[in-house]
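Peer 1: There's a structure below that I have some questions on.
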Amino acid sequence: MQQDSAYIIKITPEAPIAAVTHGGRAKCLQRLVRLDIPVPRTVALSFDAVHDIAAGRRMPDMAALLAPFQSDRLLCVRPSSEDPDWGGPGAILNIGMNDALHAAFSAEIGEDAATRLYIRFVRAYAIHVDRLDPDMFEDHEDEGPDGLSQALTAYEQETEEPFPQDPAVQLAAVLQSMARAWEGTTARLLRQAKGAPADAGLGLVVQEMALGLGRGECGSGVIQLVSSATGRPKVTGRYLRQGQGRDALKKGAKSVFLERDDRGVSLEELAPEAFEKLKEYTLLMRQRLREEMQTEFTIVDGEVHVLDGVRVQRSSRAAVRIAVALAQDGIIPRPEALCRVEPRALTEMLHRQVDPEAPRDRIGQGIAASPGAAVGRIVFSAADAQAMASRGEACILVRRETAPEDIRGMHAAVAVITERGGITSHAAVIGRGLGLPCVVSVTGLRFELGRERLIAPDGRVLTAGEVITVDGTRGEILAGEVPLLETAQDEAFTALMAWADEYRDIGVRANADTPADAQIARSFNAQGIGLCRTEHMFFETGRLTVMREMIFADTGEDRRAALDRLLPMQRTDFIELFRIMQGLPVCIRLFDPPLHEFLPADRAGMRELAAALSLPLSDVTRRVAALTEYNPMLGLRGVRLGVTLPEIYEMQARAIFEATVAASREGAQVVPEIMIPLVSARREVELIKTRVDAVAAAVRNEKGRDFTYRLGVMVETPRAALRAGEIAPHAAFMSFGTNDLTQMTYGLSRDDAGRFMSTYVQQGVFPEDPFHMLDTDGVGELLQIGASRGRAARKDLVLSVCGEHGGNPESIAFCRDAGFDYVSCSPFRVPVAILAAAQLRIRAELQDSTLRIR
Ligand code: PEP
Ligand code: MG
């Protein structure tokens, strides 16, 4: 077999070493060597070499492998996977230790230290190489000569062989065990979960040990120049005198601070020169490796040795601050800083989060429908939520599922959990809009709502008033109060978002129904409102009743009376939205109230409604029965309501136009966008357009002011996508409502899918919940068909997505490739969408320029 020259290679400045052949650690060590940082002698084994060892095909020539090292030194072996995040088997230290070296080291560094090294090696070898029971080797480390002889005896009894004395034999066995560990199924699954390809390779590095034990100031530790939690400058780390590897970080270790600290002794005091050198090396790594690094070091008699450099572990907020600081210091360009932050990580900064260090007593889990975390007392009704909030106490609303009458309760609560629902059901959509943590389709926790209690899987009973924590980011319910981390919209976040805004080349708007939503959208730099769900404007107290009155009206006259009361409310709403958005586009969707969301669900609700409408209860019951639909999501919704009861959309059009005139008088010229929901046929659009045009003409006349507006359709039914060619001539824009479009393409209820979605995903029927991640094959094909047929019929047709997918980075990539003009998503997802959009453009341009250079 041909052996490539880099199969086993000493790390020197010129050696042909690359992360893709020898792994990230080998490459990083070479960089450190090039920077003249004192790295102990190291040899790298390539992926091919390790693969051959694992397969039993070929062992390296041990004499050649050991040749670069001094025979009286100990060695360690560390993994070197291509991406350090993919992990690898644990390092094994002190290889080469045997009876002879033990005697030699006893003279050099003292018997105690030599014995500890030997015991430690026997233990690691027994557990990781011979796979012996760890319990048998516990606690020998500090027991001196007796401990050593016990460990050696235990080894011999278990393996029926004396502990190997030949360093070549020891090293060969260590290499074999580490190579095989990488090929094991569990290790493979673990790294694949972190994004590693199935055939990811492992390199190994064999390094001469700087001992950290012995005479003079000896020890080991880690240092970094920023805090992993915040990313702010702060010398962080620990040092353990007479310690090895990462022992300084072990729980209970008697390690000391690095920087001078009131709480105790520090490395700065023990070895000031070494401390300064370490800071200098770590700063040099930052500048030349272009990354915030953690330095693993050993001090031998006051002298610093750098064993390794790894990327500093970082929270989301630290990732943003580190990337921004590197760009601001001129170390990396801005586009690179933008690409170093995972867009979804921004979500974590915009909402409070469960402290990752805190213990979690999980009592339920479900779909993570709206991110963030909150602690509060359990309440089982919207009224109780309001009552508790008015007492200034945080509460968590627990419902089977939510309906418009729960909105007030949702506003009052700090989080919501529901037994049913999916990622696009009522609680989820409203939760995301309000920035309220929400978990739907909860399992594990039993909902006994009739008895106002929840039962945890271990039988614990939780009644109203008990405190729980909702983790909407992970979709978990935790018992008791768990510590939370605060939000972090600091100057680093603001800088990053401003850069992202410059780079993105697809628009990002927000789905906003209320002035509060619109303010948030503006603060995140959304380029307008892409979807204002007008029926959501009637979820508030007082308004809901008028809305119901309108829906309930038996006669045209009754309906008009209710509409007359709704008109001024709508007009005020729109004026306020236009004011806040200051001339940016505002796309208003005409009413799309699935009737079941607006009907009272039980007798008490009907009684309440009867009282509010001054109707006999029997009338209300009869009317509810008449309006009840078997399948309300496919019933009298959207444009169907507009066609059958035209006065509703006429009222809305009038409110929009009157608001346009009023807002344009006092500020920027407003050009409202009016969107027709749930269209499936051209004729629907023609009918609505004619009526809206007539209202516009009437308002122009009455007000003596001219204005323009744009009318478009929402593509939410497969038929609208297929017939986009004949619809487009009547529409200035088409916005794909991928929530309903997904529901209708799959024939899958968006409210009930939660019940079996996880089984479907687990069994690989769907790669992902299609309500969460756009199904680019099926629903995506409809988007492409709709877009191309629409644009063929009307070149200037504006295309967008306003379903929940609009805030999802993968879906944004699809929309950008398909030539869409913008995406629209809930306000809190706007930053995620902006960053994702910027990254798409940067990566596309990078690919283009690479292609051009080739
Ligand atoms: C959609 O269907 O994608 C949409 C945005 O509308 P809604 O969620 O209000 O039905
Ligand atoms: Mg819809």
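Peer 1: Provide the net charge surrounding R623, with neighbours chosen by a C-beta distance below 12 Å and charges set as Lys +1, Arg +1, Asp -1, Glu -1.
Peer 2: Overall, the nearby charge balance is -2.
Peer 1: Right, next: Measure of size requested: the Rg and Dmax of the chain, with Cα atoms as the atom set and Å as the unit; please supply both.
Peer 2: Answer for the chain, Rg first and Dmax second: 32.9, 105 Å.
Peer 1: In addition: Given K10/K254; K194/K254; K27/K194; K689/K795, which pairs have Cα atoms separated by over 31 Å? Show your work: numbers first, answer last.
Peer 2: Values: K10/K254 35 Å; K194/K254 33 Å; K27/K194 21 Å; K689/K795 20 Å.
Where the Cα-Cα span goes over 31 Å, the pairs concerned are K10/K254; K194/K254.
Peer 1: Could I ask something else about it? Could you give each residue of region 704-711 its phi-based ³J(HN,Hα) in whole Hz, using Karplus coefficients 6.51, -1.76, 1.60 with θ = phi - 60°, and x for Gly or Pro?
Peer 2: x, 10, 9, 7, 10, 8, 10, 10
Peer 1: Count neighbours as other Cβ atoms within 10 Å of each site's Cβ, and list the GluC sites (Glu not before Pro) in region 322-386 that are DSSP loop with at most 16 such neighbours.
Peer 2: Sites meeting the loop and neighbour criteria: E357.
Peer 1: I would also like to ask the following. Under a Cβ-Cβ cut-off of 11 Å, what is the net charge of the residues other than A15 that fall near it, where Lys and Arg count +1 and Asp and Glu count -1?
Peer 2: Charge balance near A15 sits at +2.
Peer 1: To check my understanding: the extent here is largest minus smallest coordinate of the Cα atoms along each principal axis. What are those three numbers for region 8-165, in Å, largest first?
Peer 2: Largest first, region 8-165 extends 47, 35, 30 Å along its Cα principal axes.
Peer 1: Taking the Cα atoms only, what angle lies between the long axis of helix 682-703 and the longest principal axis of the chain, rounded to 10 degrees?
Peer 2: Around 70 degrees separate the two axes.
Peer 1: If you roll a 1.4 angstrom probe over the protein chains with everything in place, what fraction of the accessible area of the chain belongs to carbon and sulfur, to the nearest %?
Peer 2: Details: 17230 of 35570 Å².
Answer for the chain is 48 percent, counting heavy atoms of protein chains only.
Peer 1: If one computes the Cα centroid of region 583-597 and of region 644-665, what distance in Å separates the two points?
Peer 2: Comparing the Cα centres of region 583-597 and region 644-665, I get a distance of 13 Å.
Peer 1: So which trypsin sites (Lys or Arg not before Pro) in region 11-66 end up in coil per DSSP with only 14 or fewer other C-beta atoms within 10 Å?
Peer 2: R57, R58
Peer 1: If you take every DSSP beta bridge whose two residues both sit in the chain, what share of them, in percent to the nearest 5, is antiparallel?
Peer 2: Given both bridge residues lie in the chain, the antiparallel proportion sits at roughly 65 percent.
Peer 1: Under a Cβ-Cβ cut-off of 12 Å, what is the net charge of the residues other than L449 that fall near it, where Lys and Arg count +1 and Asp and Glu count -1?
Peer 2: Numbers: positive: R399, R400, R420, R446, R451, R453; negative: E401, E419, E448, E452, D602.
Within the 12 Å Cβ shell, the charges total +1.
Peer 1: Please work out the Kirkwood hydrodynamic radius for region 205-270, using every pair of different C-alpha atoms, and report it in angstroms with one decimal place.
Peer 2: Averaging 1/r across every pair of different Cα atoms and inverting gives 12.7 Å.
Peer 1: Follow-up question, since we're still on this one. List the trypsin sites (Lys or Arg not before Pro) within region 90-190 that fall in a DSSP loop (any state other than H, G, I, E or B) and whose Cβ has at most 11 other Cβ atoms within 10 Å.
Peer 2: Hits after loop and neighbour filter: R131.
Peer 1: Any aspartates and glutamates with Cα under 15 Å of the K251 Cα? List them, leaving off those in the same chain fewer than 8 positions away.
Peer 2: E357
Peer 1: Another question, then. Using a probe radius of 1.4 Å on heavy atoms only, what accessible surface per residue do you get for the chain? Whole Å² is fine.
Peer 2: Per residue, the chain has 42 Å² of solvent-accessible surface.
Peer 1: Then there is this: Would you calculate, for the chain, the mean residue ellipticity at 222 nm contributed by helices, counting each DSSP H stretch of 4 or more residues as -39,500 (n - 2.57) and dividing by all residues, to the nearest 500? Mind showing how you got there, number by number?
Peer 2: On the way: 34 runs with 377 residues, N = 854.
For the chain, the value works out to -13500 deg cm²/dmol.
The values are calculated or read from the model by the stated rules, or taken from the named source; none is laboratory data. Note that the coordinates shown come from a computational prediction; the quantities given were computed from them, not determined experimentally. We place every Cβ from the backbone using ideal geometry, glycine too, and count neighbours over all the protein chains shown. Keep in mind that these areas ignore ligands, DNA and RNA; they rest on the heavy atoms of the full protein, side chains included. Shrake-Rupley method; radii C 1.70, N 1.55, O 1.52, S 1.80 Å.
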